Structures are given as structure tokens and as C-alpha cells.
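Working notes, beginning with the structure itself.
The values are calculated or read from the model by the stated rules, or taken from the named source; none is laboratory data. A quick note: this is a predicted structure, and the numbers were derived from the prediction, not measured. Here Cβ is always computed from backbone atoms with ideal geometry, including for glycine, and neighbour counts include all displayed protein chains. Surface areas here come from the heavy atoms of the whole protein model, side chains and all, with no ligands, DNA or RNA. Shrake-Rupley method; radii C 1.70, N 1.55, O 1.52, S 1.80 Å.
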Amino acid sequence: MIITSVSNEKIKYLKKLQLKKYRDEEDYFLVEGIDLVQAAFDSGFLEAVFMLENSEFNFNVPMTFVSKAVADKLSQLNTSDYIFGLCKKNNQNNLTAKILYLDNIQDPGNVGTIIRSALAFNIETIVFNNCCDLYNDKVIRASKGAIFYLNFVEDNDLKVLKNLEKDYQIIGTKKNSKDLLKNVVKDF
């Protein structure tokens, strides 16, 4: 089966997931590109794949072919390989031993890069306080798939930070500070 109409109900649903409101309501998000689809599959978050007709990718999830017009409608990139993955949000919300706490970071590219770096430094959980949407397509692309390998917790009222047990070492940085990182470390 090939979906050829941009008015198809499945395509309308996928298109809605490009908006935060619907991602939050549905608990799903969309990724674009073979590397992100592969990372979603490898980590167990991939629910379905939509790809250009005659594509030869193969995943062990429901797969649907779409016409180029439909793929163009779904794509948010200037250059695309026209493969899209429907993914379930990561809703673990548990704290682990190694936590990175992000406060008020609004640039999606920066958040994605921080996620990628956190994975490289063996961070297990990232706690977000008033940051941009984790499932924003720019965050996902900048994370290069690292978003699928970490735990995320929303903490917009600082409860997590206030209730951390005393055995956590808290290290912070201050914007526009000339102090060295070692001079910024304080007991919380």
C-alpha cells in the first residue's frame, strides 16, 4: 500500500506531531532521516516507519510507503532521504546516579548538542527546568540520536533539584562568570 494523498488521516496525524501541543497530547513524536530512525529502532522507541515508495530500508515495525508529494509534506529538511519514524516518548522519569541539570536553555540546537555531549560523558539522566521542548525536531537532529539513549525528567518547579539526596555532588556554572569551574562548585 502506498499513501498518495496529503489529506490521508495518517499523514495528517504525523503532520500534527510536528507541533508540541500534539506531541504532548499523544505521547508520540516524529523523526526524520535514516540515522535517527535507526537509533529509534535500536533503542526500542520506534513504533512505525513511513518512507518513500521503492525504498529498501527494512525495520521490524509496521512500514508504510508514501508518495514523493506526501514525503515532501512531512519533511522539515531542505535535503531529505524521505524516511520518517513514529516514536513513543521516553517517559521513564526516574533519577539515576549521573544527572545533568539544565536550566532555562531555549535554543534547540544547543539542547541537542548538550544531549549528545552528555551521552559521551556517560550522563544517564538529564533534568530540564524551563528549557525548550525536548522533542522539537531541531533538538532531535542536533542530538544525532543520543535522545534515545538517555533518561529525561521535567522539573519546572525545582522539586527534583531541591529533593536531591546529599550524596550527589552538585557542580554548576554561571552565565557570564569569569570564575573557573572549580571556584563555582558549592554545596547545595
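Quick notes on this structure:
- Members of the range 116-135 that are exposed (fewer than 14 other Cβ atoms within 10 Å of the Cβ) and at negative phi: 117, 120, 121
- In the set 47, 53, only one residue is touching a Pro at 6+ places or on another chain (Cβ under 9 Å), surrounded by fewer than 23 Cβ atoms within 10 Å (Cβ to Cβ), of a type outside the set (Phe, Trp, Tyr) and in contact (Cβ under 8 Å) with a residue 24 or more places away in the chain; that residue is 47.
- For first residues located in the range 124-149 and farther than 18 Å from residue 98 by Cβ and among the small types (Gly, Ala, Ser), partners that are modelled with pLDDT of 95 or more and open to solvent by less than 20 Å² (accessible area, probe 1.4 Å) and lie 6+ apart or on another chain with Cβ distances below 6 Å form the pairs 142/112; 145/36; 145/39.
- Considering only residues in the range 101-115 that are buried (at least 18 other Cβ atoms within 10 Å of the Cβ) and not hydroxyl-bearing (Ser, Thr, Tyr), the one that is nearest to residue 168 (Cα to Cα) turns out to be 102.
- Listed by position, the strands (runs of 3 or more DSSP E) enclosed by the range 95-188 that each have at least 2 residues that are under 19 Å from residue 28 (Cα atoms), modelled with pLDDT of 90 or more and of a type outside the set (Val, Ile, Thr) are 151-154.
- Qualifying positions in the range 136-163 - open to solvent by 40 Å² or more (accessible area, probe 1.4 Å) and among the aromatic types (Phe, Trp, Tyr): 149
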